[in-house]
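**Q** What follows is a structure written as structure tokens; I'll ask about it next.
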Amino acid sequence: MSSALAEREEALDAAAGGASKRSYVRRIFSEIAPSYDLLNHLLSANLDRGWRRAAIDALRWEQRPAGTFLDVCAGTMDVGAELAARPGFRGAVVCADFAEPMLRSGLAKTHGAKVSPVVADALRLPVRTGAGAGALVAFGVRNFEDLDAGLRELARVLAPGARLVILECAEPPSAAVRALYHLYFRRVLPLIGRLVSGHRTAYRYLPVSVASFPQPEELAARLRAAGLTDVGFRRLALGTAAIHWGMRAA
């Protein structure tokens with residue numbers, strides 16, 4: 001088997017939740033860190049900026065403006081930097097990601113802000129139980145090695161009454177939109193991703209991982225199973241993304 005074919009098979013296996021998922025995800029995000037922000041904005045037609053702002057709004061951080069918030073699977077720390085810069089925010093943000101190069105790529109965004117990057121796995125957060133005033137995961141839960149264990153871990157670190165918000169890709173409910181979405185995700189996106197990042201498989205992993213991920217209704221059910229209450233979600237951009245939320249019971 002050629003190296004290119006072997007890499008493609010590894011990407012598809014990881015996207016479908018295979019045994020190599022954790023190591024593959026950590027490696028590819030480390031490798032694409034320099035071009036990650038550019039490609040996020042380019043591939044989403046810059047919609048991802050507004051989606052992240054909407055997710056931060058859903059966190060209801062104003063109820064605990066001096067608290068410690070968690071940006072999990074923080075990547076280049078867009079969410080953490082944006083939250084820390086909000087007028088009236090007096091707390092701190094812990095940005096956790098297990099790919100150190102991603103955090104390093106985002107350091108320039110955090111100068112002067114109360115943002116602390118931490119190299120950590122989302123399934124084993126170095127945070128004491130009940131310490132978080134809120135937590136947000138933007139485009140990260142899809143990459144969890146074990147989704148349910150990750151959701152339970154996120155629920156564990158929340159203080160009673162604190163919110164978890166998840167921003168994630170989704171498959172559109174409309175058949176017509178879904179057909180166009182699949183064409184873009186499976187043909188156009190991998191090509192652009194490879195040309196810009198120079199990585200042969202990272203942007204093949206993305207569409208398969210979205211197709212393998214629970215749709216919004218099922219993810220909401222799994223948030224409830226993880227122990228969260230007042231769970232809900234709303235779709236964005238014709239259903240191509242969704243914001244979920246849930247609260248640790250008071």
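The values are calculated or read from the model by the stated rules, or taken from the named source; none is laboratory data. Since this is a predicted model, take the numbers as computed values, not measurements. Neighbour counts run over all protein chains shown; Cβ positions are idealised from the backbone, glycine included. Ligands, DNA and RNA are excluded from the accessible area calculation, which covers all protein heavy atoms including side chains. Shrake-Rupley method; radii C 1.70, N 1.55, O 1.52, S 1.80 Å.
**Q** In region 59-90, which residues are hydroxyl-bearing (Ser, Thr, Tyr) and without any contact (Cβ under 8 Å) to a residue 60 or more places away in the chain?
**A** The answer is 76, and nothing else.
**Q** Please specify each residue of region 34-53 satisfying the condition of being open to solvent by 30 Å² or more (accessible area, probe 1.4 Å) and not in a helix (DSSP H, G or I).
**A** Matches in region 34-53: 45, 46.
**Q** Go through (1) open to solvent by 50 Å² or more (accessible area, probe 1.4 Å); (2) outside any loop (DSSP other than H, G, I, E, B); (3) modelled with pLDDT of 95 or more and name the single condition residue 66 misses.
**A** (2) is the only condition that residue 66 fails.
**Q** Sort through 113, 149, 122, 135 and tell me the only one that's under 16 Å from the mean Cα position of the chain (by Cα) and in a loop (DSSP other than H, G, I, E, B).
**A** None of the others qualify; the one that does is 122.
**Q** Residue check, residue 56 against (1) open to solvent by 40 Å² or more (accessible area, probe 1.4 Å); (2) touching a residue at least 60 places away in the same chain (Cβ under 8 Å), all met but one. Which one?
**A** Going through the list (1) open to solvent by 40 Å² or more (accessible area, probe 1.4 Å); (2) touching a residue at least 60 places away in the same chain (Cβ under 8 Å), residue 56 breaks only (1).
**Q** Quick one: which of 133, 108, 113 is open to solvent by 20 Å² or more (accessible area, probe 1.4 Å) and touching a residue at least 12 places away in the same chain (Cβ under 8 Å)?
**A** 113
**Q** In region 170-229, what count of residues is obtained for those that are part of a helix (DSSP H, G or I) and out of contact with any strand residue (DSSP E or B) (no Cβ under 7 Å at 6 or more places or on another chain)?
**A** 38
**Q** Can you name the residue in region 190-205 that is free of Cβ contacts under 8 Å to residues at least 40 places away in the same chain and of a type in the set (A, V, I, L, M, F, W, C) and, of all such residues, is most open to solvent (accessible area, probe 1.4 Å)?
**A** Looking at the filtered set, the residue picked out is 195.
**Q** Which residues, taken from region 156-168, are touching a residue at least 60 places away in the same chain (Cβ under 8 Å) and surrounded by fewer than 21 Cβ atoms within 10 Å (Cβ to Cβ)?
**A** Answer for region 156-168, where residues must be touching a residue at least 60 places away in the same chain (Cβ under 8 Å) and surrounded by fewer than 21 Cβ atoms within 10 Å (Cβ to Cβ): 159, 160, 161.
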